[in-house]
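Encoded as structure tokens, the structure appears first; notes follow it.
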Amino acid sequence: MTTRVAGSKMLLAGDWVDRDNKIEVRNPENNEWIDSVPAASGSDVQRAISLAKEGAEIAAEMSVSERMKVLKNAADYIEKHLEEYARTIALESSKTIKEARKEAGRAADVLRLSAEEARRLTGESINFDQVAGNEDRMGYYFRFPVGIIAAITPFNDPLNLVAHKLGPAVAAGNAIIIKPATETPLSALKLAEAFVEAGLPKKILTVITGRGRDIGDLLIKSKDIQMISFTGGLETGEKISNNAGLKKLSMELGSNSPSIVLEDADLSLAVDATVSGAFGVAGQNCLGVQRLFIEESVYEEFKSKFLAKVQSLKMGNKFSEETDMGPLINEKEAKRVESWVVEAVDLGAKILSGGYRDGAFYAPTVLENTPENATIVNEEVFGPVVMLFPVSGLNEAISRSNNVNFGLQAGIFTENIHAALKAAKRLHVGGVMINDSSDFRIDAMPFGGVKGSGLGREGVKYAIKEMSEERIVCFKISE
Ligand code: NAP
């Protein structure tokens, strides 16, 4: 059984609208048509921006208690229809139904967290009299909304990554225009439905469906937009940064994350966590484990346990409760991943498991002896491929982990507190997970990367900070 989300319209400043020009949404597993959404035009974008200017004023006037109420109502709505949300995610994206249920639950949590954090949107008093001559002054700062946020989101977490922008934007009192990935617009539209049902005043929210290459620049270059909150690939992130001009930017980009296994590690724990981290969402996860550095003395033992676990993964129908791994987002992406593996093998890598494709499915693949100049060592594969590298010890593991243009998160498995602390200090990333893989996140922690992995931090409280600004109020007191 499949969920059909029929006749989807886009939400333009609070009104559901249709357009003759359509984009078809297809199930990556079998290329079956699921639904069609409007292909927004330039004039739709301009209309969305012009109405969002009014929306920004309405949003800023909403009291914190009103914002909290809308956010909690939207979370309740998702929880009430959780299975429908999960089925929409599983239908249009790569996720299995088990993965999709987790994402839908997390999205509701993110909205609840946003409501809670709205309560804590506070400033502090300032001692102006610390500078002589200002003894007659007192004051404080408070946080005010930035105005209109353009949010551009990727396909791999089509609901929760949109919630990570919409929840904080509403909590901070902004208007927001969301452009979801063209492959997966239905989950974002369903999120908008939750906010409409929750009573969000019109004009605050737009979810515009259209191709980034057609309508992106109009959003990005608009002087009426104060902030761009982007999650996606490095190449698109750089293009957006170059075109944005003077506005706030939040860039949540990709990585080719390392995890390190030292000889004193609990190998069963390390195997379970790194297999799940490498092959969840068919490897299409910004935190996915791509490079595994294993101390030589335990390399062979780790490798044989790792391969046994990988070979037990079930790839197939996303809606089966037995399936561990679904397809890639489309056949083109599966072919790209395949070509990177072929290149690595041509350069000397050995395939230990997988290495074959069937339509949009690419088998969970493990490589060893991959040379440093292979594309797959240096770039983000965003597919179900992991490389094993034996290393002489922690120093080599850290320096090879850092030797790329990415730095989102890293994992290290060890019982040695000194090794763990050294890794935490020396790994150039936004987060170090000790006794877990790079692929660990809760929605309330600061999340983001360094180097080509991005700018700024998400994680509800931190996104709210990025989506608001300090305003000083200073009183000069007369006798
Ligand atoms: P992508 O190709 O960069 O696309 C992301 C979004 O940007 C889509 O909505 C896309 O629209 C839009 N876009 C493309 N070209 C644009 C342009 N010229 N102007 C404005 N918008 C444009 O990324 P993806 O393939 O969807 O997602 C995978 C990437 O996201 C990976 O690199 C992954 O690591 C990263 N990611 C990062 C995080 C994080 O939190 N750090 C989380 C998840 C994913 P169209 O779909 O219409 O092209």
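In the chain, with Lys and Arg counted as +1 and Asp and Glu as -1 at Cβ, which of these residues, M467, A107, A363, has the Cα nearest the positive end of the dipole, that is, farthest along it?
The listed residue farthest towards the positive side: M467.
Going by average Cβ neighbours within 10 Å, how do the peptides 140-146, 44-50, 83-89 rank, with the highest at the top?
83-89, 44-50, 140-146
So which of K202/K332; K22/K451; K98/K221; K53/K179; K9/K461; K72/K451 end up more than 28 Å apart, counting from Cα to Cα?
Flagged as over cut-off: K202/K332; K22/K451; K98/K221; K9/K461; K72/K451.
Quick one: helix 185-197 against the long Cα principal axis of the chain, what's the angle to the nearest 10°, folded into 0 to 90?
In the chain, helix 185-197 runs at an angle near 40 degrees to the longest axis.
Once the other residues with Cβ under 11 Å from the Cβ of A13 are scored (Lys, Arg +1; Asp, Glu -1), what is the net sum?
With Lys, Arg at +1 and Asp, Glu at -1, the neighbours total +1.
Mind listing the long-range amide H neighbours of I34? Cut-off is under 5 Å, sequence gap 5 or more, other chains count too, H placed in the peptide plane at 1.01 Å from N.
V25, R26, N27
In Å², and per residue, what accessible area does segment 257-443 have when probed at 1.4 Å with the other protein chains present?
That works out to 39 Å² per residue.
As a test question: what accessible area, to the nearest 10 Å², does W16 have when a 1.4 Å probe is rolled over all protein chains in place?
W16 has an accessible surface of roughly 100 Å² with all protein chains in place.
Once both axes come from the Cα atoms, what is the angle between helix 97-119 and the longest principal axis of the chain, in degrees from 0 to 90, rounded to 10?
For helix 97-119, the angle is close to 30 degrees.
Expected output is a single nm value to one decimal: the length gained when fully extending between N134 and Y356, i.e. 0.36 nm times separation in residues minus the C-alpha distance. What is it?
On the way: separation 222, 0.36 × 222 = 79.92 nm, distance 7.22 nm.
Once the chain is fully extended between N134 and Y356, it gains 72.7 nm.
Please give the helix 331-346 orientation as an angle from the longest Cα principal axis of the chain, in degrees from 0 to 90, rounded to the nearest 10.
In the chain, helix 331-346 runs at an angle near 40 degrees to the longest axis.
Residues with beta-carbon under 12 Å from that of G105, excluding G105: net charge, scoring Lys, Arg +1 and Asp, Glu -1?
Summing Lys and Arg as +1 and Asp and Glu as -1 gives -1.
Considering only DSSP states other than H, G, I, E and B, which GluC sites (Glu not before Pro) in segment 1-73 qualify as loop sites with at most 10 other Cβ atoms within 10 Å?
Details: sites: E24, E29, E32, E54, E57, E61, E66; in loops: E29, E32.
Qualifying residues, ordered by number: E32.
What is the distance in Å between the Cα centroid of segment 343-371 and that of segment 404-437?
26 Å
Need one number for the chain: average projected area of the convex hull over its C-alpha atoms, nm².
24.7 nm²
For the chain, what does the helix formula give at 222 nm: sum of -39500 (n - 2.57) over DSSP H segments with n ≥ 4, over the residue count, nearest 500 deg cm²/dmol?
My calculation for the chain gives -12500 deg cm²/dmol from helical runs alone.
Mind ranking 375-381, 417-423 by how tightly packed they are, going by the mean number of other C-beta atoms within 10 angstrom, highest first? Display every interim value, and only then the final one.
Details: 375-381: 20.1, 417-423: 15.7.
Per-residue Cβ counts within 10 Å, averaged per peptide and sorted highest first, yield 375-381, 417-423.
Sum up the charges of everything whose Cβ sits under 10 Å from the Cβ of G245, counting Lys and Arg as +1 and Asp and Glu as -1, but leave G245 out.
Neighbourhood net charge equals +3.
Reachable aspartates and glutamates from K476, Cα under 20 Å, same-chain residues fewer than 8 places away excluded?
Reachable aspartates and glutamates: E124, D129, E135, D136.
Hey, any idea what % of the chain's accessible area is carbon plus sulfur with a 1.4 Å probe?
For the chain, the apolar C and S fraction of the accessible surface comes to 49 percent.
The values are calculated or read from the model by the stated rules, or taken from the named source; none is laboratory data. Since the model is a prediction, treat every value here as computed from it, not as a measurement. When we count neighbours, we look across all protein chains shown, and the Cβ atoms used for this are built from the backbone with ideal geometry, even at glycine. When the accessible area is computed, the model is the full protein with side chains, heavy atoms only, and any ligands, DNA or RNA have been set aside. Shrake-Rupley method; radii C 1.70, N 1.55, O 1.52, S 1.80 Å.
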